[in-house]
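The values are calculated or read from the model by the stated rules, or taken from the named source; none is laboratory data. No experiment lies behind these values; they were computed from the predicted model shown. Backbone-built Cβ (ideal geometry, glycine too); neighbour counts: all protein chains shown.
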Amino acid sequence: MDVGIELPWIEKYRPKKLSEVVGQKNITQRLQYYTQSNTMPNLLFSGPAGVGKTSASVALAKEFFKENFSQNFLELNASDERGIDVVRNTIKNFARTLAFNFGFKIIFLDESDALTFDAQQALRRTMEMYSKTCRFILSCNYSSKIIEPIQSRCVIFRFNQLSSKDIGERVKGVAENEKIDLSNEAVEAIIYVSQGDLRKAINVLQASATTAHKITDKTIYEVSAKARPDEVRELIKVALSGKFLEARALLDKLLYEYGMSGEDVITQLHREMVAMDEKEVPGKTKIELIDTIGEYNFRMVEGANERVQLEALIAQFTKYKK
Ligand SMILES: Nc1ncnc2c1ncn2[C@@H]1O[C@H](COP(=O)(O)OP(=O)(O)O)[C@@H](O)[C@H]1O
Ligand SMILES: [Mg+2]
């Protein structure tokens, strides 16, 4: 298999129709009504990464425009490194002319919440100016970062994280099509590391396929530079039982053998701590430690030495030895 010259799988397996967008049934159904009536308002798609916001926009536009899709659809990223003026000029050039064989064009603006307040004000004026010829689909992670006058000009659609079932099924479908040998544990591992983000899930699968013929959960954790959940649990348990040096050795394994970043380690510590039950860690201790993890995470984000902070965090855990 020569993955090098292939399309990235996230593009190869991008839904071409609204009906192929998984896990967002409420949304895709409502979007289908628009295509049936050949009209739509401006839309605001909010939600986490890799859940189908761009895919739904492209699929919607394809269903409206069919063979004239490329003339009538413009995709832009608001955080374009060439600056907001380039974005604005591109929009103006595109919006100036009438749609080809259709009532309106569609401009899809990704990462709209990256726009400053002033840029959003300008965008709002642009939306008004071209309201006859263009519809906008704005995509963002947090709709609260979009100014009120834009929100009120859009119908808001909130995309959810994809379920484990949806991720698992989609990943298995891709693996089958690519003739990859993927164990069930590997599927579970992909679900764990991708956390509802199908883009991440498919990327991890493709990266794994370049390194191994038979993909196991071990491959997945290696490729995604994540520890197995049980290894992180083990670290927490050892630390809680007061064995600092042993816990530190486990930490070293994550940092140096697996090459995890300090931030990844602390994120997984947090995730596993939250998931631990009353038998593993008493409720009160758990709450205190979640608070402590938050504090050390903040220190690391602020630039403190990662290793020093992680060891100090583990030292905090050992204080809860029964
Ligand atoms: N809901 C979904 N249904 C099918 N494929 C999806 C879905 N969400 C993400 N994907 C896959 O992940 C890739 C990236 O998704 P995208 O729509 O760009 O996510 P977003 O815009 O929400 O960050 C797509 O090309 C597709 O392969
Ligand atoms: Mg996107």
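For region 268-289, which positions are surrounded by fewer than 16 Cβ atoms within 10 Å (Cβ to Cβ) and of a type outside the set (Lys, Arg)? Reasoning before the result, please.
Restricting attention to region 268-289, the residues satisfying the condition of being surrounded by fewer than 16 Cβ atoms within 10 Å (Cβ to Cβ) are 271, 274-275, 277-280, 282-284, 287-288.
Matches in region 268-289: Val274, Ala275, Asp277, Glu278, Glu280, Pro282, Gly283, Ile287, Glu288.
Between residues in region 90-108 that are part of a loop (DSSP other than H, G, I, E, B) and residues that are surrounded by 13 or more Cβ atoms within 10 Å (Cβ to Cβ) and hydroxyl-bearing (Ser, Thr, Tyr), which pairs lie under 7 Å by C-beta distance while being six or more apart or on different chains?
Leu98/Thr133; Ala99/Thr133; Phe104/Thr133
Show the residue pairs that are 6+ apart or on different chains and have beta-carbon atoms under 7 Å apart, the first residue being within region 233-260 and at positive phi, the second being at pLDDT below 95 and not basic (Lys, Arg).
Gly259/Ala225
Results for (1) modelled with pLDDT of 95 or more; (2) of a type in the set (A, V, I, L, M); (3) loosely packed, with under 13 Cβ neighbours inside 10 Å; (4) in contact with a strand residue (DSSP E or B) (Cβ under 6 Å, 6 or more places away or on another chain), shown as yes or no for each residue.
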position	(1), (2), (3), (4)
Ala59	yes, yes, no, no
Lys62	yes, no, no, no
Asn72	yes, no, no, yes
Gly83	no, no, yes, no
Val86	no, yes, yes, no
Ala95	no, yes, no, yes
Ala99	no, yes, no, yes
Phe108	yes, no, no, yes
Ala114	no, yes, no, no
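Name the single residue that is nearest to Val155 (Cα to Cα) among those in region 32-60 being over 22 Å from the mean Cα position of the chain (by Cα) and in a helix (DSSP H, G or I).
Filtering region 32-60 down to residues over 22 Å from the mean Cα position of the chain (by Cα) leaves 32-42.
Among the residues that remain, those that are also in a helix (DSSP H, G or I) are: 32-37.
Working: Gln32: 14, Tyr33: 14, Tyr34: 12, Thr35: 15, Gln36: 17, Ser37: 16 Å.
Here the answer is Tyr34.
Report yes if some residue within region 223-230 is under 15 Å from Glu280 (Cβ atoms) and in a helix (DSSP H, G or I); otherwise report no.
Keep residues of region 223-230 that are under 15 Å from Glu280 (Cβ atoms), which gives 229-230.
Keeping just the survivors that are in a helix (DSSP H, G or I) gives 229-230.
Scanning region 223-230, I find at least one residue that is under 15 Å from Glu280 (Cβ atoms) and in a helix (DSSP H, G or I), so the answer is yes.
Output the residue which, of all residues in region 116-139 that are under 20 Å from Arg82 (Cβ atoms) and within 19 Å of the chain's Cα centre (by Cα), is surrounded by the most Cβ atoms within 10 Å (Cβ to Cβ).
Once the filter is applied, the top-ranked residue is Leu138.
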